Amino acid sequence: MRGFSARATVEDALAWIDAQAAVLGPEVVLLDALHGRVLAADLHSTMDVPSFDRSAMDGYALRGAGTNGAGDYNPLSFAVVGQALPGRPYEGSVGIGSAVRIMTGAPLPDGADAVVPAEYATERDGRVEVTAPLAPGKHVGRRAEDVAEGSLLLAAGRRLRAQDVGLIASIGLDRAQVVRRPRVRIVVTGDELALPGTPKGLHQVYDANSSMLCGLAVRDGGDLEPVLHVADRREAIREAICAPGADVVLVSGGSSVGSEDHAPGIVAAEGELGVHGVAMRPSSPAGFGRVGAALVFLLPGNPVSCLCAYDFFAGRALRMLGGRPSGWPHPVRRVLLTRKIASQVGRVDYCRVRLGEDGAEPLALSGASILSSTTRADGFVIVPGDSEGQAAGTAVDVYLYEP
């Protein structure tokens, strides 16, 4: 065994990732699968929406100028010459002194330029009395008032929300070109691990990291392969890391410098080990590199260290590969510290905190294996490497675990 001869700064580690994680290529996805995907190219409209003038109200379509002077004590009478329904237009023309019964969304008949709402009209014996004047264009939805043909509908890089997908559908498209989601392989190593739902040995612990990493990778837009659980054998780990098909490989456990920590040597031998050992707490044994087309992240086996290393490094890479913003996906709240956070210059600290009425209280536990500390915490504070800590009463950014 040997210790780390040197550790990279967090800034240098992030710079390595940013240089490696180029946005993946495009793929065409059907409409119902577009939600949450990132648009790969600008999308321009191929049509006007709506493509015709239409009624914005239930009422009567007529010529607005003919209603001048109408009122409760001076109702004006128009001959009802037909009816227009959504998808079933009135085929004739509306002349002076005539009107067409019309429903919301129905095409405006030729000759008409306004719609009298039903509450200002009374129909009887084939005629309608109007008790309110209205200007031409009133209660009419004009052609292209929503989307004009040739206009920019949605810009490249946009993460599509439900209303965005609806807008794509409104111009008749049943698919769109989006950034391909990064394929993620999770490799869990460790002879001491048992699978949840199965009996475990006296000196075993249940694997928590794979379930946690699956949720984090999905959050960041990853497309998961089945999780691989492998024994602490170099060849088994090598095969799991080097198999083709993944854009990102997350290796849980075996990331340090012990005799059973095979993953760093495998990455160095089969590709490039860009970073191994980072000046941070927890997660200092983290590392990452490239094997073939895949970025490989070596995440410590201790659950909090695994979470921290993923959030700092692997999650950033997944978001960048998938065309999402690289920054933290957590909501941020600016609050005061209720107690001091101790650190040391040259090391970045990831400190879990609980929010209370007085501000953010650092949790006393610092152990990298105490996963329950992250469930008791509301979020975390990052203490930068140029600081000896944060004094009580200091305003800090708390990155909230809540989505």
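Just so it is clear, none of the values below were taken in a lab; they were calculated from the coordinates. Just so it is clear, the structure is predicted and the values come from calculations on it, not from any experiment. Don't worry about glycine lacking a Cβ; one is built from the backbone with ideal geometry, like all the others, and counts go over all protein chains shown.
So here's what we get for this one:
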{"item": "The range 1-88: C-alpha pair distances exceeding 20 Å, %", "result": "72"}
{"item": "nm² value of the averaged projected area, convex hull over the Cα atoms of the range 54-141", "result": "4.6"}
{"item": "Choice from Leu363, Leu202, Leu43 showing the highest fluctuation, given a GNM over the chain with Cα pairs closer than 10 Å", "result": "Leu202"}
{"item": "Exposure proxy order (Cβ contacts within 10 Å, fewest to most) of Val218, Val251", "result": "Val218, Val251"}
{"item": "Reciprocal mean inverse distance between Cα atoms of the range 262-381 - Kirkwood radius, Å", "result": "15.7"}
{"item": "For a label point 7 Å along the Cα-to-beta-carbon line of Glu11, residues of the range 329-361 with backbone N under 17 Å", "result": "344-349"}
{"item": "Debye, to nearest 20: dipole size of the range 54-141, +1 on Lys, Arg Cβ, -1 on Asp, Glu Cβ", "result": "140"}
{"item": "Antiparallel %, DSSP beta bridges [both residues in the chain], to 5", "result": "70"}
{"item": "Total formal charge among the other residues, if their Cβ is under 12 angstrom from that of Gly315, Lys/Arg +1 and Asp/Glu -1", "result": "+2"}
{"item": "Taking Tyr206, Tyr73 and counting other C-beta atoms within 10 Å, the order from fewest to most", "result": "Tyr73, Tyr206"}
{"item": "Difference of contour (0.36 nm per residue) and Cα-Cα distance, Val345 to Ile96", "result": "81.1 nm"}
{"item": "14 Å beta-carbon shell around Ser51, net charge (K/R +1, D/E -1)", "result": "-2"}
{"item": "Theoretical gain in end-to-end length, Ala65 to Tyr401 [0.36 nm per residue, Cα-Cα removed]", "result": "114.9 nm"}
{"item": "Computed E for Arg233/Leu371 - FRET, C-beta separation, R0 22 angstrom, nearest 0.05", "result": "0.25"}
{"item": "Whole-angstrom Cα spans of the range 332-400 along principal axes, big to small", "result": "28, 28, 19"}
{"item": "Pairs of Cα atoms farther than 22 Å apart, the range 74-203, %", "result": "61"}
